[in-house]
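Peer 1: The structure follows.
The values are calculated or read from the model by the stated rules, or taken from the named source; none is laboratory data. The shown structure was predicted, so the numbers you read here are calculated from the model rather than taken from an experiment. Cβ: placed from backbone, ideal geometry, glycine included. Neighbour counts: every protein chain shown. Surface areas here come from the heavy atoms of the whole protein model, side chains and all, with no ligands, DNA or RNA. Shrake-Rupley method; radii C 1.70, N 1.55, O 1.52, S 1.80 Å.
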Amino acid sequence: MNQNERICHEKTPQGIQTALDSLAMNKPSLSSLAQAFGPVLVAKAEVTACLSENQVNIPDIPESEWVRFSKGVHLFAITGLMDFCREFKQAAHMILPPLAEAFPDIGSDIEAIHRNIEDDSLDADDCVQAFVTNYSGNLSALALQSVTSPDIFRFALAQIAEPFKQLQARAFAPLLKEHPWPHGHCPMCGSFPAVAGLMDDGEQTWLQCSVCAHEWHFRAHTCPRCENNNQRTIESIVDQNSPARDTERVDACQVCNSYLLTIDLTRQTDSVNMDVAAMGMMGLEDLAQKKGFAPQAQMLWNQKE
């Protein structure tokens, strides 16, 4: 891996499955976690693999909007999200079944949403527009049709939409080459990172968005959530019993009481899937949460239902 370049990220369904198998073998205590949530990661990657970046319209963004961008307005807020109505039903068919398995407490609700999408009781255009606009009235009405809560319905739609956000982020990446982004939230979709990769002997930090998977360079030794860089108030938590204690840690900010998973990639020679790598740090998350810190971004395996 060239340490002067961004994370060499393995994003294919096959690569993700290989990473999951490796996680289950190397950390047997987390095998149940990999079995529960791994199929959702693979399903999302399979949806993305069926798509083409040519489906994304690259807009001509005026300079006035780049000024807003420089002040912290993320790109999707300026351009909007791509239209994925045509692919919505197929994406739901691929993602919702493993999602229902991963969350048994709300599995019946997710299955009900899936049935209503499959039989066209829920219209794809209505679902996509409700999600894109985030209008609570429309979301509540659609949730009522599935006999579920608006929160669960919004959660299911967010999982379906994620591959399309990732596709759009990849297509838009060249637009950012000449537009610096010094902020801790994602320049594409505005979400916070769940994991950071350290390069160049730990002095170069790349953040990965927890939603659209975009990667961006960020200031070292700084909390992305509140941008605190006072090292006296940033605590590094390491699992001394872990064989990966030299390469995996949690950086916990005492100012905003949040934590970020951090992986030293300087010793990596192969591609890595940062989501699976983050899943493999669940033990560190437990340590951070016992100290009263909360994740900067929720992933499937660390959120409360």
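Peer 1: Of the listed values (i) 6, 30, 39, 21, 3, 0; (ii) 6, 26, 35, 25, 8, 0; (iii) 5, 22, 27, 18, 9, 4, 4, 4, 3, 2, 1, 0, 0, grab the one calculated as P(r) over Cα pairs in 10 Å bins from 0, in percent from the structure here.
Peer 2: (ii)
Peer 1: Now for a different question. With a Förster radius of 22 Å, plug the Cβ-Cβ distance of Val255 and Gln298 into 1/(1 + (r/R0)^6) and report the FRET value to the nearest 0.05. Display every interim value, and only then the final one.
Peer 2: Numbers: r = 20 Å, r/R0 = 0.90.
With R0 = 22 Å, the Cβ-Cβ based efficiency is 0.65.
Peer 1: Would you mind pulling out the separation of the Cα centroids of the stretch 79-104 and the stretch 228-260, in Å?
Peer 2: Here the answer is 34 Å between Cα centres.
Peer 1: So, with a 1.4 angstrom probe, what is the percent of accessible area on the chain that is carbon and sulfur? Provide the component values of the computation, followed by the final result.
Peer 2: Working: 6790 of 14400 Å².
Result for the chain: 47 percent of the exposed heavy-atom area is carbon or sulfur.
Peer 1: Calculate, for the chain, the solvent-accessible area per residue in square angstrom, rolling a 1.4 angstrom probe over the heavy atoms of the protein chains.
Peer 2: Working: 14400 Å² over 305 residues.
Ligands and nucleic acids excluded, the result is 47 Å² per residue.
Peer 1: Among the listed pairs Lys44/Lys177; Lys27/Lys291; Lys11/Lys177; Lys44/Lys89, give every one whose C-alpha distance is greater than 18 Å. Intermediate results must be reported in sequence, preceding the final value.
Peer 2: Details: Lys44/Lys177 27 Å; Lys27/Lys291 23 Å; Lys11/Lys177 22 Å; Lys44/Lys89 13 Å.
Table pairs above 18 Å Cα-Cα are Lys44/Lys177; Lys27/Lys291; Lys11/Lys177.
Peer 1: Let me ask you something else. Per 0.36 nm of contour for each residue apart, how much would the distance between Gln90 and Asp60 grow if the chain were fully extended, relative to their Cα-Cα spacing?
Peer 2: Details: separation 30, 0.36 × 30 = 10.80 nm, distance 3.00 nm.
Length gained, Gln90 through Asp60: 7.8 nm.
Peer 1: Using the Kyte-Doolittle scale, which helices in the chain average at least -0.5 and also have C-alpha atoms spread 15 Å or more along the helix axis, with helices defined as whole DSSP H runs? The partial results should precede the final answer.
Peer 2: Working: long enough: 13-26 (20 Å, 0.01); 31-49 (26 Å, 0.88); 85-102 (26 Å, 0.07); 107-118 (16 Å, -0.63); 150-172 (31 Å, 0.14).
Qualifying helices: 13-26, 31-49, 85-102, 150-172.
Peer 1: Hey, another quick one. Give me the dipole magnitude in Debye, nearest 20, for the chain about the Cα centre, with unit charges on the beta carbon: positive for Lys and Arg, negative for Asp and Glu. Numbers along the way, then the final one.
Peer 2: Numbers: 22 positive and 39 negative charges, 138 e Å.
Rounded to the nearest 20 debye, it is 660 debye.
Peer 1: Taking only DSSP H segments of four or more residues, each worth -39500 (n - 2.57), what value at 222 nm results for the chain once the sum is divided by all its residues, to the nearest 500 deg cm²/dmol?
Peer 2: Numbers: 11 runs with 134 residues, N = 305.
When only DSSP H runs of four or more count, the value is -13500 deg cm²/dmol.
Peer 1: Rank-order 101-111, 210-220 by packing density, defined as the average count of other C-beta atoms within 10 Å over each peptide's residues, highest first. It would help to have the intermediate numbers written out before the result.
Peer 2: Details: 101-111: 16.9, 210-220: 20.8.
Result, highest mean first: 210-220, 101-111.
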